[in-house]
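In what follows, a structure is listed as structure tokens, so that the remarks can point back to it.
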Amino acid sequence: MTDQGSTPPPPDPQQPDGYGAPPPGQPGGYGYGPPPVQPGGYGYGPPPAVGPPGYGGGPPPNYLVWAILSTVLCCWPLGIVSIVFAAQVNNKFAVGDLAGAQEASRKAKLFAIVSAVSGVVVVVAVVVIAIVAASMSSTSTTTG
């Protein structure tokens with residue numbers, strides 16, 4: 001049989017605050033309630049920016065997707081060089097070498113662009129040579 005209307009037992013002095021059922025008439029309990037504020041004021045919000053001290057953002061862009069696409073679709077020797085530099089960006093940033101990460105990012109972008117441009121130039125040159133060769137063969141057969 002339960003005792004309806006009796007007062008709850010006094011809180012256990014050995015039990016830390018925030019555990020157990022809340023006192024009657026108070027919201028929360030069992031871990032629900034406002035989020036705790038962490039030192040630095042972050043709470044449950046987004047984490048602080050990751051990176052070397054004094055740098056407020058993430059790593060520079062690594063252009064890895066462009067490097068891979070330029071390798072597969074265009075000029076593979078220059079694309080491989082671009083992939084190598086793109087792979088170095090995040091590693092250099094992780095160890096705190098911001099200047100090295102920015103330089104590797106710049107080189108990855110440069111080699112990806114050069115690879116793509118050279119691939120387009122080669123394709124255009126092949127098409128022009130094929131058209132010239134086709135027109136020369138058709139003129140030589142009609143003349144003779």
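Descriptive notes on the structure:
- When residues of region 70-103 are limited to those that are out of contact with any helix residue (DSSP H, G or I) (no Cβ under 7 Å at 6 or more places or on another chain) and not in a helix (DSSP H, G or I), the one surrounded by the fewest Cβ atoms within 10 Å (Cβ to Cβ): V95
- Of the residues contained in region 43-57, one or more are found to be modelled with pLDDT under 65 and over 21 Å from the mean Cα position of the chain (by Cα).
- Test: residue in region 110-132 that is more than 19 Å from N62 (Cβ to Cβ) and buried (at least 17 other Cβ atoms within 10 Å of the Cβ): yes
The values are calculated or read from the model by the stated rules, or taken from the named source; none is laboratory data. Remember, predicted model here, so these are calculated numbers, not experimental data. Every residue, glycine among them, receives a Cβ derived from its backbone with ideal geometry; neighbour counts consider all protein chains shown.
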